[in-house]
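Q: Please find one structure pasted underneath; my questions will follow.
The values are calculated or read from the model by the stated rules, or taken from the named source; none is laboratory data. Note that the structure is a prediction, hence the values are computed from the model and not measured. Glycine gets a Cβ as well: all are built from the backbone with ideal geometry, and neighbour counts include every protein chain shown.
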Amino acid sequence: MKKLKNFVPLLFLVLVSSCGTETEKPSTSKVETKVETSKIPTPNFNADSAYSFVKAQVDFGPRTPGSKAHAACADYLSKKLTSYGFEVIIQNGTVTTFDKKKFILKNIIASFNPNASTRILLCSHWDTRPFADRDTKDKDKPIDGANDGASGVGVALEIARQINKSSPTVGIDIIFFDIEDYGTSGDDESWCLGSQYWANNLHKPNYNAKFGILMDMVGATNAMFPKESSSVEYASIYVNKVWDVAAKIGYSNYFVPQTRNFVGIDDHIYVNKAGIPCIDIIEFNQTTGGFGEYHHTHKDNMDVIDKNTLKAVGQTLLEVIYTTSN
Ligand code: AHN
Ligand code: ZN
C-alpha cells in the first residue's frame with residue numbers, strides 16, 4: 001500500500017511530462033508549417049512575355065499625344081489590365097504643352113484587390129516623345145520609345161499577368177501616366193503632365209498607397225540602376241528595401257547600391273507631392289554621366305531592349321510585392 005501510494009504520483013508525473021512533450025512538439029511544428037505555407041511563393045517573372053508586351057506597344061507606332069497609335073495603345077493597355085482581373089479607369093484631362101498645344105491626356109489607372117488596405121503603386125509613363133531632339137537627324141520625327149516608355153509598361157503588364165495567377169496579400173495599383181515626355185529642357189514643369197494632372201486630381205478622394213515604384217527606361221542591355229537621389233530624399237526606406245531585395249536575389253549588378261544625382265524631374269516627384277513615398281528605377285549611363293546614348297533619339301527602338309534587364313527589374317518587383325504584408 002505504501003509502495004503503491006508512492007508509485008501513483010510518480011506515474012502521474014511521468015504521464016504529465018510525456019503528455020506535455022507529445023502535445024508541445026506537434027503543435028510547435030504545426031505553427032511552423034502554417035507560417036511557411038501561408039507565405040505565397042513569388043511567381044516567376046517571364047521575360048519573354050514582358051518583351052512581347054514592349055514590342056506590342058512599339059508595333060502601334062510612336063504613341064504621341066493625339067495620334068491614332070496613342071488611342072489604339074490606350075485601348076490595348078486598358079483591355080490587357082482588365083483581362084488580368086484589374087478594375088480599370090481612364091482619367092481624361094486637358095493639358096497644354098510648352099509649345100501651346102492642347103491635348104486630352106489619358107492616365108490609365110488599374111486596381112487589383114481593390115479592398116485591400118495595404119497597397120503598392122507601380123507606375124510608368126506610356127506616351128512617346130514626339131521628337132528626337134537628341135538625335136543628329138530626323139530630330140522633328142517621333143521616336144519608337146521602346147525603352148523610354150514601353151519598357152516600364154511592359155514590365156508592369158507582366159507583373160499584372162503574374163499576380164492574376166496567384167494573388168498577393170497586398171493590393172496593387174498600376175498607373176500608366178500620359179504625356180510625361182513632351183517636355184523641353186530648362187522647364188521642369190513642361191514634363192510629366194499626366195502625373196501632375198493626377199496629383200492635382202486624384203482618381204479617388206484620399207487615395208493612398210504604402211509606397212510607389214516608378215519604372216523609367218528599365219529594359220536596356222546591361223542597364224545600371226543606381227539609387228536615384230530624389231527617391232533617396234523622399235523615400236529612402238523603400239529605395240533600400242528594393243535594392244536590398246535585388247541584392248538578395250542576385251541582381252546587384254543592375255541595382256547598383258550607390259546614389260547618383262542625375263534625374264531631377266520625373267513622375268515620382270508628383271506622386272511624392274501627392275503624399276505617397278515613391279521611388280524611381282531609372283537607368284544611369286556611366287559613359288554619358290546621364291541617360292543612355294539612345295535617349296530621345298531614333299536608336300530607342302527594340303534593338304536596345306534586353307530580356308535579362310526586364311527580368312532583373314520584374315523579378316525584383318515581384319519579390320518586393322510578395323514579401324510585403326498587410
Ligand atoms: C528630364 O529630362 C528633365 N527628365 C527626364 C524625365 C524623362 C524623360 N524620363 C524619360 N524621358
Ligand atoms: Zn523621355
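Q: Only residues that are crowded, with 23+ Cβ neighbours inside 10 Å and more than 16 Å from ligand 2 (Cβ to nearest atom): list them for segment 210-224, please.
A: Correct list: Gly212, Ile213.
Q: Give just the number: which of (1) among the aliphatic types (A, V, I, L, M); (2) more than 11 Å from ligand 1 (Cβ to nearest atom); (3) in contact with a helix residue (DSSP H, G or I) (Cβ under 8 Å, 6 or more places away or on another chain) does Met215 not satisfy?
A: (2)
Q: Please specify each residue of segment 170-226 satisfying the condition of being of a type in the set (A, V, I, L, M) and part of a strand (DSSP E or B). If you could, list the steps in order and put the result at the bottom.
A: First, pick out the residues of segment 170-226 that are of a type in the set (A, V, I, L, M): 170, 172, 174-175, 179, 193, 199, 202, 209, 213-215, 217-218, 220, 223-224.
Across segment 170-226, the qualifying residues are Ile172, Ile174, Ile175, Ile213, Leu214, Met215, Ala220, Met224.
Yes or no, residue by residue, for (1) within 16 Å of ligand 1 (Cβ to nearest atom); (2) in contact with a strand residue (DSSP E or B) (Cβ under 6 Å, 6 or more places away or on another chain); (3) within 14 Å of Leu121 (Cα to Cα); (4) part of a loop (DSSP other than H, G, I, E, B):
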| site | (1), (2), (3), (4) |
| --- | --- |
| Ile276 | no, yes, yes, yes |
| His295 | yes, no, no, yes |
| His298 | yes, no, no, yes |
| Val313 | yes, no, no, no |
| Ser325 | no, no, no, yes |
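Q: Follow-up question, since we're still on this one. Can you spot a residue in segment 179-202 that is within 16 Å of ligand 2 (Cβ to nearest atom), under 21 Å from Asn147 (Cα atoms) and of a type in the set (D, E, K, R)?
A: Yes, the conditions are met somewhere in segment 179-202.
Q: Quick one: count up the residues across segment 143-192 that are polar (S, T, N, Q) and more than 15 Å from ligand 1 (Cβ to nearest atom). I'd like the intermediate steps shown before the answer.
A: Narrowing segment 143-192 to residues polar (S, T, N, Q): 147, 151, 162, 164, 166-167, 169, 184-185, 190.
When the remaining residues are screened for being more than 15 Å from ligand 1 (Cβ to nearest atom), the result is 162, 164, 166-167, 169.
Number of matching residues: 5.
Q: Kindly check whether there is at least one residue in segment 150-158 that is over 15 Å from Leu317 (Cα atoms) and in contact with a strand residue (DSSP E or B) (Cβ under 9 Å, 6 or more places away or on another chain). Spell out how you get there, then give the answer.
A: Narrowing segment 150-158 to residues over 15 Å from Leu317 (Cα atoms): 150.
Keeping just the survivors that are in contact with a strand residue (DSSP E or B) (Cβ under 9 Å, 6 or more places away or on another chain) gives 150.
Yes, some residue in segment 150-158 is over 15 Å from Leu317 (Cα atoms) and in contact with a strand residue (DSSP E or B) (Cβ under 9 Å, 6 or more places away or on another chain).
Q: Does segment 274-326 hold any residues that are away from ligand 2 (no atom under 14 Å from the Cβ), of a type in the set (Asp, Glu) and in contact with a Ser or Thr (Cβ under 8 Å, 6 or more places away or on another chain), and which are they?
A: Asp306, Glu319
For every residue, the table says whether it meets (1) more than 15 Å from the chain's Cα centre (by Cα); (2) outside any loop (DSSP other than H, G, I, E, B); (3) on the phi > 0 side of the Ramachandran plot.
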position	(1), (2), (3)
Ser236	yes, yes, no
Val242	no, yes, no
Ala247	yes, yes, no
Tyr251	yes, no, no
Tyr254	yes, no, no
Ile265	yes, no, no
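Q: Hey, another quick one. Here is a list of conditions, (1) at pLDDT 95 or above; (2) within 15 Å of ligand 1 (Cβ to nearest atom), and Phe262 meets all of them except one; can you say which number that is?
A: (1)
Q: At pLDDT 95 or above, surrounded by fewer than 23 Cβ atoms within 10 Å (Cβ to Cβ), within 12 Å of ligand 2 (Cβ to nearest atom) and within 18 Å of Val263 (Cβ to Cβ) - does that describe any residue in segment 134-143? If you could, list the steps in order and put the result at the bottom.
A: At the first step, the residues of segment 134-143 found to be at pLDDT 95 or above are 134-143.
Subset that is surrounded by fewer than 23 Cβ atoms within 10 Å (Cβ to Cβ): 134-142.
Next, only the ones that are within 12 Å of ligand 2 (Cβ to nearest atom) stay: 134, 142.
Imposing the further condition that a residue be within 18 Å of Val263 (Cβ to Cβ) reduces the set to 134.
Checking segment 134-143: at least one residue is at pLDDT 95 or above, surrounded by fewer than 23 Cβ atoms within 10 Å (Cβ to Cβ), within 12 Å of ligand 2 (Cβ to nearest atom) and within 18 Å of Val263 (Cβ to Cβ).
Q: Something else about it: On the given criteria, is Asn92 at pLDDT 90 or above and not aliphatic (A, V, I, L, M)?
A: Working: at pLDDT 90 or above: yes; not aliphatic (A, V, I, L, M): yes.
Here the answer is yes, as Asn92 does meet what is asked.
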